[in-house]
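Inspection log for the structure reproduced underneath, given as structure tokens.
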Amino acid sequence: QSVLTQPPSASGTPGQRVTISCSGRSSNVGGRPVNWYQQLPGRAPKLLIHNSDKLSSGVSDRFSASKSGTSASLAINGLQSEDEAVYYCAVWDDSLKAVVFGGGTRLTVL
Amino acid sequence: QVQLVESGGGVVQPGKSLRLSCAASGFTFRTDAMHWVRQAPGRGLEWVGFIWYDGSEKEYGESVKGRFTISRDNSKNMVYLQMNSLRGEDTAVYYCARDPAGSGWALDSWGQGTLVTVSS
């Protein structure tokens, strides 16, 4: 059971907009910046978004993210087949004194 | 460009020890915190721990506390993960990752990972 809750799966057709949620608590998402990672099959994770809404260098601007209270979300506009991957949210937890990851959301492009 | 290369993985028996290494290049290593993250086969990412840029602070995930130790040698641009009392559930790909100063715990560069298999 992950400290951060993500839906296990999401899907969309090419060109669609998809959002992935990440729910936490006051000790993590509610008080700390959220980071989002993309992991393509067989590859190491890649930082997409840092500080809750800042696009990482070289990442397509089709990706965006936001945070409100104890929830955060990642949005992908203009979905493409290359976006098929597992997406993770992560944040520092002040109570646990640890980085916590969401369980990951597997995105399928139909 | 930033490069992180892990090594030291392999097959090890339960209860034994193993030390992983991560060689860093392409950035000012001594100014950045470093993390270890692992991923069991078919599972999600699990944070193992981190070490501050100067080694003065370290934190570990609950599942490895008391068994794993992170260290670094800033003169060699290396970070290490000493794993003792290994268990089957420690079987995973282990990644080292960079946490630039002021990044808000964002891991902006990752190695390719090294596989550790704990089995008799």
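Derivation of every value follows stated rules applied to the coordinates shown; laboratory data play no part. Here the structure is a predicted model, which is why all the values come from computation and not from measurement. Heads up, the Cβs are rebuilt from the backbone with ideal geometry, glycines too, and the neighbour counts pull from every protein chain shown.
Things to note:
- Residue of A:Leu47, A:Leu79, A:Leu96 that the Gaussian network model of chain A assigns the largest fluctuation, springs spanning Cα pairs under 10 Å: A:Leu96
- The protein assembly as shown: Cα Rg divided by the 2.2 N^0.38 Å rule of thumb: 0.99
- The lysines whose alpha-carbon is closer than 16 Å to the alpha-carbon of A:Lys54, local same-chain residues fewer than 8 away aside, are A:Lys46, A:Lys67.
- Distances between every pair of Cα atoms in chain A, grouped in 5 Å steps from 0 to the bin holding the largest one, split as 2, 14, 25, 26, 19, 9, 4, 1, 0 percent.
- Put a plus charge on the Cβ of each Lys and Arg, a minus charge on the Cβ of each Asp and Glu, and nothing anywhere else: the dipole of chain A about its Cα centre is then about 140 debye.
- Solution diffusion estimate, µm²/s, Stokes-Einstein, the range B:26-120, Kirkwood Rh from C-alpha pairs, 25 °C, viscosity 0.890 mPa s: 179 µm²/s
- Rounded to 5, percent antiparallel among DSSP beta bridges of the protein assembly as shown: 90 percent
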